[in-house]
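See below for the structure under consideration.
The values are calculated or read from the model by the stated rules, or taken from the named source; none is laboratory data. Predicted model only: the values in this text are computed from it and were never measured. Note that we place each Cβ from the backbone using ideal geometry, even for glycine, and neighbour counts take in every protein chain shown. We work out accessible area using only protein heavy atoms, side chains counted, and drop any ligands, DNA or RNA first. Shrake-Rupley method; radii C 1.70, N 1.55, O 1.52, S 1.80 Å.
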Amino acid sequence: MGFFIGALIFFIAMILILAFTIFLYIRLVIAVKNNSNVPKWMYKIGHSLKGRGTDVYEDFTDKSALNEVNSYIIGIVIVSIVSYFTFYGRYFTNNKIAFWGYAEFLIILIMRIIISFGKPLLSFILSVIKKSKYNCNFSAAANCVIGMFLISIFVCILTFTITGLPVKSPIVQVGEYKIVVGHTTAGDLLSNGFTFSEKTPNDTIENKRNSHFYFGETVELVKDGKGYGYVNLTPVYEDKARLKDCIITYFGISSESNMFNYVKICNKDISKLSLDYFEKENVRDVFSLSPISYREYKARGHYSIRMQTYPYMLWKRYTIEVTFFSDDKSNKFEVYAQHTLWE
């Protein structure tokens, strides 16, 4: 629980900093529109974000300050679009968080440098062409907003490195019923005619917290007297809970099960997935997945994909593992959900 709370604090802090940055921009727009000054504390923030060297920023708020910030934002948008069409898919192909995080931080840093050196350069060029002096004073109000944009992106990168971002849960279809691993409750399954071998709805399930993959208790999933593989029943927050209040954090089925042909994972009939197919295709493509961050493992007879590769303190991590017999028949398909709440 401690890791979860810590990650949640980071995420909330990131949202607050982003909201504060937007608030600063709105205050600047209102001040320019009303031909007034921004609050003094905005000037102080602008001076404090000057970086190393002499403080060249002055306390004034006019249209040039707003134009400077707007140019900065428009420049970021244009360069981001260019980066998408130029570099997307070439770098960090299995981690979109890393690609956009590093790209945006670099773009914002470069745009800040361009603004800092571009304004004096523009002043010099215009003074030569028009033989008149161009006002290139730097506004502390504009620097306040621009500096907070840079800080916001840095905080976003730091937060996403700690928490990652949520990915879509794998769906296991058992007959006509869909199990969302990590979300579906035992009560949902019970209400749809499933039972758990040698268990009743009010039995106590204990999570001994002695594994990073298997949480709670492993039981066979049964319907109409037929076994549909095994699931892990896990108390959501406590160490113990009634069976009907637990969630499904694992599903596994072997080819030895008579109901193997009635199970699908991510809408793929697992009984039709051969060893040769996994050898030729990426695991992501086999299950038609497009997670924002993932890592694949492929070895003869063993294949897996891990989705949400960052620490799973806030968002769940999902893993699909496939193991094959030497005779090319599928041995076992497994789907895991992981979260620090259950460890």
- Task: Rank Ile45, Ile248, Ile270 by mean-square fluctuation in a GNM of the chain with C-alpha springs under 10 angstrom and give only the top-ranked residue.
- Result: Ile45
- Task: Provide the per-residue ³J(HN,Hα) series for segment 161-174, in order, calculated from phi with Karplus coefficients 6.51, -1.76, 1.60 and θ = phi - 60°, each as a whole number of Hz, with x at glycine and proline positions.
- Result: 5, 7, 10, x, 10, x, 10, 5, 6, x, 10, 9, 9, 10
- Item | Selected from Asn35, Asn94, Asn143 as most flexible by GNM, with the chain as the system and alpha-carbon contacts under 10 Å | Asn35
- Could you order peptides 80-90, 96-106 by the average number of other Cβ atoms within 10 Å of their residues, highest first? 96-106, 80-90
- Task: Compute the length gained on full extension between Asn192 and Thr204: take 0.36 nm times their separation in residues and subtract their Cα-Cα distance, giving the result in nm to one decimal.
- Result: 2.2 nm
- Pull out a ≥ b ≥ c, the square roots of the eigenvalues of the alpha-carbon gyration tensor of segment 216-343, then state rounded if a/c is under 1.5, prolate if not and a/b is larger than b/c, and oblate in the remaining case. oblate
- Message: Using a Gaussian network model on the chain with a 10 Å cutoff between Cα atoms, which of Glu220, Glu206, Glu176 fluctuates the most?
- Response: Glu176
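Identify the trypsin sites (Lys or Arg not before Pro) of segment 193-275 meeting these criteria: DSSP loop state and at most 15 other C-beta atoms within 10 Å of the C-beta. Don't skip to the answer; put the middle values down first.
Values: sites: Lys199, Lys208, Arg209, Lys223, Lys226, Lys240, Arg242, Lys244, Lys264, Lys268, Lys272; in loops: Lys199, Lys208, Arg209.
Taking segment 193-275 and a limit of 15 other Cβ atoms within 10 Å, the loop trypsin sites (Lys or Arg not before Pro) found are Lys208, Arg209.
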- Could you tell me how many degrees, from 0 to 90 and to the nearest 10, lie between the Cα long axis of helix 96-130 and the main elongation axis, the longest principal axis, of the Cα atoms of the chain? 10
- Item | Gyration tensor (Cα) of segment 251-307, equivalent ellipsoid semi-axes in angstrom | 20, 14, 11
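How big is segment 203-244 by the Kirkwood estimate over distinct Cα pairs, in Å? List each step's numbers first, then the result.
Working: mean 1/r = 0.0910 Å⁻¹.
With all distinct Cα pairs of segment 203-244 included, I get 11.0 Å.
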- Compute the accessible area per residue over segment 143-240, keeping the other protein chains in place, probe 1.4 Å, unit Å². 48
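Which percent of the accessible heavy-atom area of the chain goes to carbon and sulfur, probe 1.4 angstrom? Don't skip to the answer; put the middle values down first.
On the way: 10730 of 18320 Å².
About 59 percent, which is the carbon plus sulfur part of the accessible surface.
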- Taking Cα atoms, the helix 63-87 axis meets the longest principal axis of the chain at an angle in degrees (rounded to 10) of 40
- Shape category assigned to segment 1-54 from the gyration tensor of Cα positions, a/c cut at 1.5: oblate
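How would segment 45-117 be classified by its alpha-carbon gyration tensor: rounded, prolate or oblate, with rounded meaning a/c under 1.5 and the a/b versus b/c comparison settling the rest?
Values: a/c = 3.39, a/b = 2.10, b/c = 1.62.
Prolate, because a/c is 1.5 or more and a/b exceeds b/c.
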- Note on the structure: So the number of lysine pairs in segment 238-336 with alpha-carbon atoms under 14 angstrom apart, 8 or more residues apart or on different chains, is 5
- Message: Bins of 5 Å, beginning at zero and ending with the bin holding the largest distance: percent of Cα pairs per bin for segment 143-249, please.
- Response: 2, 11, 18, 18, 13, 9, 6, 5, 5, 5, 4, 2, 1, 0
- Query: Mind checking which aspartates and glutamates have their C-alpha under 20 Å from Lys199, skipping anything on the same chain fewer than 8 residues away?
  - Reply: Asp188, Glu217, Glu220, Asp224, Glu238, Asp239, Asp245
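Taking the Cα centre of segment 243-343 as origin, work out the dipole magnitude from +1 charges on Lys and Arg Cβ and -1 charges on Asp and Glu Cβ, in debye rounded to 20. Intermediate results must be reported in sequence, preceding the final value.
Details: 14 positive and 13 negative charges, 51 e Å.
Charge dipole, segment 243-343, about its Cα centre: 240 debye, nearest 20.
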- Query: Restricting attention to the alpha-carbon atoms of the chain, what are Rg (one decimal) and Dmax (integer), both in Å?
  - Reply: 27.7, 93
